[in-house]
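The values are calculated or read from the model by the stated rules, or taken from the named source; none is laboratory data. Please read these numbers as outputs of a predicted model, since none were measured by experiment. Cβ placement follows ideal geometry from the backbone for every residue including glycine, while neighbour counts extend to all protein chains displayed. Accessible surface is based on the protein model in full, side chains and every heavy atom, while ligands, DNA and RNA are left aside. Shrake-Rupley method; radii C 1.70, N 1.55, O 1.52, S 1.80 Å.
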Amino acid sequence: MISGTLIGLRAREPEDVPVLHHDLYDDVDTRVLADTRPWRPLSAVSSPYTATTTDDADIFSVVELASGQLAGEALLWQIDTHNRSAHAGLAIRPSFRGRGFGEDTLRTLCEYAFRIRGLHRLQVETADSNEAMARTAARVGFRQEGRLSQALWVAGEFRDELVFGVLAADWLVGTPGA
């Protein structure tokens with residue numbers, strides 16, 4: 001497990017899937033902000049939270065260190081080993097929100113990506129209406145690099161997509177937000 005201040009990132013276990021599916025996938029309003037793919041009715045058997053082994057993604061369950069309870073999910077995806085870059089994503093279960101878990105999760109993903117995986121750049125994308133993610137990315141040290149006009153279809157309307165990035169050199173010098 002890779003530990004932050006409040007959370008740990010560990011491998012996804014089969015028993016995590018029904019909990020994440022119920023709290024994160026079946027919450028349609030939250031899910032449509034967290035994924036560019038359309039929400040569809042799926043059972044936990046077909047859940048997108050089922051971890052699969054791929055070369056271009058590192059999939060984690062987020063656990064609260066104090067209690068050991070499952071707090072959410074995090075991942076690096078589209079890991080590009082040639083350019084040493086990846087996209088970062090996370091989702092925190094509703095009962096764990098508002099307690100700094102998202103920020104600690106993103107910070108811990110950066111630690112993993114830069115210090116352990118040796119990546120050079122991380123990117124986060126979010127809908128402009130996802131103010132919590134935009135604030136979290138900025139607090140952790142990501143800079144807004146762009147805005148893609150009406151690039152996302154979210155809950156019946158087109159929304160702008162915000163693109164944030166951080167370089168290892170910027171992160172490792174003083175570890176932003178720490």
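The ellipsoid equivalent to the alpha-carbon distribution of segment 78-166 has semi-axes of 22, 18, 11 angstrom, derived from the gyration tensor eigenvalues as √(5λ) and listed largest first.
Taking θ as phi - 60°, what are the ³J(HN,Hα) couplings along segment 12-27 by the Karplus curve (6.51, -1.76, 1.60), each to the nearest whole Hz, with x for Gly and Pro? Per residue, the Karplus-derived 3J(HN,Hα) values read 5, 9, x, 6, 6, 4, x, 5, 5, 4, 5, 7, 10, 7, 6, 7 Hz. If both residues of a DSSP beta bridge must be in the chain, then about 90% of such bridges are antiparallel. Share of carbon and sulfur in the accessible area of the chain stands at 51%, probe radius 1.4 Å.
Net charge near G4, counting Lys/Arg +1 and Asp/Glu -1 over other residues with Cβ under 15 Å of its Cβ? Summing Lys and Arg as +1 and Asp and Glu as -1 gives 0. Based on the Stokes-Einstein relation at 25 °C and a viscosity of 0.890 mPa s, and on the Kirkwood radius from alpha carbon pairs, the chain is assigned a translational diffusion coefficient of 149 µm²/s. The helix-based estimate of mean residue ellipticity at 222 nm for the chain, built from -39,500 (n - 2.57) per DSSP H run of four or more residues and divided by its residue count, is -5500 deg cm²/dmol to the nearest 500. In sequence order, segment 147-152 has phi-based couplings of 9, 9, 5, 6, 8, 10 Hz under the Karplus curve 6.51 cos²θ - 1.76 cosθ + 1.60, θ = phi - 60°, and Gly or Pro positions carry x. The Rg/Rh ratio for segment 13-80, using Cα coordinates for both the radius of gyration and the Kirkwood hydrodynamic radius, is 0.96. Protein heavy-atom accessible surface, 1.4 Å probe, per residue over segment 39-178: 51 Å². Across segment 126-131, rounded Karplus estimates of 3J(HN,Hα) from the backbone phi angles (6.51 cos²θ - 1.76 cosθ + 1.60, θ = phi - 60°) give 8, 5, 4, 7, 8, 5 Hz, Gly and Pro being marked x. Sorted on the mean count of surrounding Cβ atoms within 10 Å across their residues, most packed first, peptides 7-20, 103-116, 33-46 read 103-116, 7-20, 33-46.
Say we join alpha carbon atoms closer than 10 Å with springs in a Gaussian network model of the chain; which of F96, F60, F142 then has the biggest fluctuation? So, out of F96, F60, F142, the one fluctuating most is F96.
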